[in-house]
1. Taking H as built 1.01 Å from N, whose amide H comes closer than 5 Å to the amide H of V5, not counting residues under 5 places away?
2. List the residues whose amide H sits under 5 Å from the amide H of T67, counting only those 5 or more places along or on another chain, with H placed 1.01 Å from N in the peptide plane.
3. Limiting things to C-alpha atoms, what are the Rg and the maximum Cα-Cα separation (Dmax) for region 15-117, in angstroms?
4. Obtain the nm distance between the two label points defined at A62 and H157 by a simple spin-label model: each point lies 7 Å from its Cα along the Cα-to-C-beta direction.
5. Starting from the Cα of R41, step 7 Å along the direction of its Cβ; do the same at A141; then give the gap between the two resulting points in nm.
6. Residue by residue through region 215-223, which ³J(HN,Hα) values in whole Hz follow from phi under the Karplus form 6.51 cos²θ - 1.76 cosθ + 1.60 (θ = phi - 60°), with glycine and proline marked x?
7. Taking +1 at the Cβ of each Lys and Arg and -1 at the Cβ of each Asp and Glu, which of L142, V116, A128 sits farthest along the dipole of region 81-147 towards its positive end, judged by Cα position relative to the Cα centre?
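Taken together, the values in this text are just the output of simple stated rules run on the coordinates, not laboratory data. Source: prediction; values computed, not measured. In this analysis, Cβ positions are derived from the backbone assuming ideal geometry, glycine residues included, and neighbour counts consider all displayed protein chains.
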Amino acid sequence: MAQPVDVVVGVPARDEEASVEACLRSVVAAAHHALDTGAVRRVRVAVAAHRSRDATAARAAAYLATTDLEHLVLVDEESATVGAVRARLVEAAMAASPRFTPARTWLLSTDADSLVPTDWVVGLLDVAARTGADLVAGFVALDGWVTDPAALTAYDHLLQAGLTAEGHDHVWAANLAVAQPTYAAAGGFPSVVHGEERALARRVAQAGGKVVGALHPVVTTSARMPGRAAHGLGDLLRRLADEVPEAS
């Protein structure tokens, strides 16, 4: 049997007091499921409350305090980009006491407006083990996008265009896993205003790492428009909706 790994789950959150607890409940359920399988030795859940004007940090801390998992809530008022937020959160989570051993740690990423399935941690690690992947990009499903059928079709075409015989070539930060040594060798999340997950995947591939897009597990994420991150998924959905011609 393979040696159990350690897992750090990073969750950036900005003004997410209404959704952060539901997200963390799903993460904690997935963590406990992974621990119960014996494939995972330790899990640390790390939340970054980034320039939040609401009770995001307090709600995250209050909920995590009721669990038996290692956790931290980082109040980040300094990072200027979402890429920097994710990078700083990984750094803080890895440095927290007791320290995780980088060589046996996997970094998982999701967002505070998302819900992960119970088999999320196990599923991502299983894909990595079966394929030899250094970075696994999971799939994402939208929740609550009410729009014109033409916009729905346009989004579906974007998804279909990224499908491959092995899985897909999309990358969402809401459903991502990367081996910590690979992450470090690639320079981590770049400090960019959007697309930090795709940039990380490119860095990993350019450094010789294996990137695998998996259709399962699927994370459900909010379809709100616009989203919290500039030029992110919410902005894409808004552009698709705006491009639908008005009926004459």
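1. V40, R41
2. Under 5 Å from the amide H of T67: no residue qualifies.
3. For region 15-117, the Cα-based Rg and Dmax read 13.3, 39 Å.
4. With each label placed 7 Å out from Cα toward Cβ, I get 4.7 nm.
5. 3.5
6. Result, rounded to whole Hz: 7, 9, x, 10, 9, 9, 10, 5, 9.
7. A128
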